[in-house]
Amino acid sequence: MDDFLIIGGGIAGLSAGARLSALGRVCLLEGEDALGYHASGRSAAMYEPRYGAPPVVALNEASGDFFFATEGLLAPRGFLMVGLPGEEEAFEGTAAAMRMQRLTPEEGRALVPPLSPEITMLAYRAEAWDIDTDRLLQLFAREIRARGGQVLTGQKVTAIGRGGRGWQARAGERVFSARHLVNAAGAWADEVARMAGIAPIGITPYRRSMARVAAPEGHEIRRWPMLFGPGESWYAKPDAGALLISPADETPVEPHDAWAEDLTLAQGIAAYEARVSAPVTRMLANWAGLRSFAPDRNLVIGPDPADESFLWMAGQGGYGFQTAPAASRLLADLAGGRAPALDAATCAALSPARFA
Ligand SMILES: Cc1cc2nc3c(=O)[nH]c(=O)nc-3n(C[C@H](O)[C@H](O)[C@H](O)COP(=O)(O)OP(=O)(O)OC[C@H]3O[C@@H](n4cnc5c(N)ncnc54)[C@H](O)[C@@H]3O)c2cc1C
């Protein structure tokens with residue numbers, strides 16, 4: 001029997017597995033044939049420490065030590081908010097929340113030369129980085145295996161029950177057992193809780209779409225900061241020689257293998273083209289992913305109040321990568337009975353007990 005059976009091979013499950021493997025034997029089950037197939041393979045891969053509600057910001061900031069100490073995980077990006085007349089209120093709110101510095105249009109154009117002359121408001125923050133998300137996922141998977149744990153793909157869990165001194169989960173013909181069950185199932189987190197006879201929390205998946213388009217001709221975009229609209233209304237960022245553009249949509253959906261709708265992608269491209277005078281000429285690829293939030297939009301980390309052997313690692317929303325180092329450390333602190341490194345108010349705001 002293993003100590004921790006983790007359901008979900010995205011960033012939540014893999015980071016949890018890496019930290020929990022210091023406490024006992026880990027077995028991680030991923031239903032798809034590859035790790036990071038769902039949300040974790042479809043993100044914008046940013047580390048923006050000021051992005052999110054205060055408990056999320058606390059996790060982001062506490063993750064910094066790990067990110068900066070691990071070679072090759074981060075690359076400088078920065079982000080630039082650009083506002084048109086009529087967007088003043090959202091601009092002021094976002095600039096204050098993200099502690100951004102005002103720029104003149106000339107300073108903005110030094111960063112992104114084709115910015116539209118109609119842009120009247122600009123704010124910048126250098127503290128934002130691209131995360132090498134594939135490397136991060138692999139690093140955590142390697143750590144689990146190096147400590148004698150298993151990371152298994154193609155193992156979709158369809159039934160969960162109690163047995164012996166812990167949990168049993170069925171995937172195909174195989175039955176796995178462990179003392180603790182870790183719910184890191186992303187959009188399916190409530191479904192997994194229900195299977196285990198644990199009360200669901202109300203984790204809701206919201207679809208977000210992304211177009212990958214050819215870089216505008218005649219522009220060297222590699223060093224452009226991430227561009228975004230006040231109040232998270234759209235964003236664009238360089239990505240390996242191309243440009244990612246998202247309408248920053250947030251449509252509640254059932255858990256599924258998400259895809260992007262043409263009209264939604266077109267809205268993002270129109271928002272970008274209204275602000276950057278370098279039209280999109282060619283779509284290279286597009287996708288959508290599910291950002292899954294608890295009702296209060298904070299992550300859900302720790303033992304379920306009704307059964308301490310059921311551990312939640314869910315509700316990663318739009319922050320799963322940038323919070324992973326600290327979120328997984330918190331889960332291991334709670335599972336191992338250690339005093340968490342994070343302050344008590346943050347731990348309470350992230351605890352599953354807040355929904356009891
Ligand atoms: C467009 C977009 C942009 C984003 N940008 C950023 C960003 O810039 N920075 C950032 O930090 N975050 C970002 N995010 C959010 C981030 O991607 C997510 O928070 C994170 O990937 C969630 O990870 P997860 O492991 O919880 O979920 P997932 O990656 O979805 O993993 C859950 C896994 O559980 C598996 N599973 C479910 N049920 C079962 C079962 N019964 N049996 C076995 N396996 C099961 C699924 O197959 C899935 O692989 C973005 C997300 C999107 C969609």
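What follows draws every value from the coordinates through simple rules; no lab data is involved. What you see is a predicted model; the values in this text were computed from it and never measured. When we count neighbours, we look across all protein chains shown, and the Cβ atoms used for this are built from the backbone with ideal geometry, even at glycine.
Assorted remarks:
- The residue among 210, 236, 195 whose Cα reaches farthest toward the positive pole of the charge dipole of the stretch 153-237, with charges on the beta-carbon of Lys, Arg, Asp and Glu, is 195.
- Whole-angstrom Cα spans of the chain along principal axes, big to small: 69, 40, 36
- On Cα atoms only, tilt of 88-97 relative to the major axis of the chain in degrees: 50
- Alpha carbon centroid spacing (whole Å) that separates the stretch 26-57 from the stretch 97-124: 30
- Counting only alpha carbon atoms, the long axis of helix 133-146 and the longest principal axis of the chain meet at about 20°.
- The mean sequence distance of close C-alpha pairs (under 8 Å, at least 6 residues apart), as a share of the length of the chain, puts its relative contact order at 24 percent.
- Axis angle, to the nearest 10 degrees, between helix 11-20 and the longest C-alpha principal axis of the chain: 50 degrees.
- Seen from every direction in turn and averaged, the convex hull around the alpha carbons of the stretch 32-163 projects onto 12.4 nm².
- Taking each DSSP H run with n ≥ 4 as -39500 (n - 2.57) and averaging over every residue of the chain yields -8500 deg cm²/dmol at 222 nm.
- Around residue 290: net Lys/Arg minus Asp/Glu count, Cβ-Cβ under 15 Å: -3
- Distances between placed amide hydrogens fall under 5 Å for residue 155 paired with 30, 31, 32, all partners being 5 or more residues away or on another chain.
- Net dipole in debye of the stretch 72-191 [+1 Lys, Arg Cβ; -1 Asp, Glu Cβ; about Cα centre; nearest 20]: 1260
- The residues packed around residue 349, meaning those with a beta-carbon under 15 Å from its beta-carbon, carry a net charge of -1 if Lys and Arg are +1 and Asp and Glu are -1.
- Its Cα centre serving as origin, the chain has a Cβ charge dipole (Lys and Arg +1, Asp and Glu -1) of approximately 980 debye.
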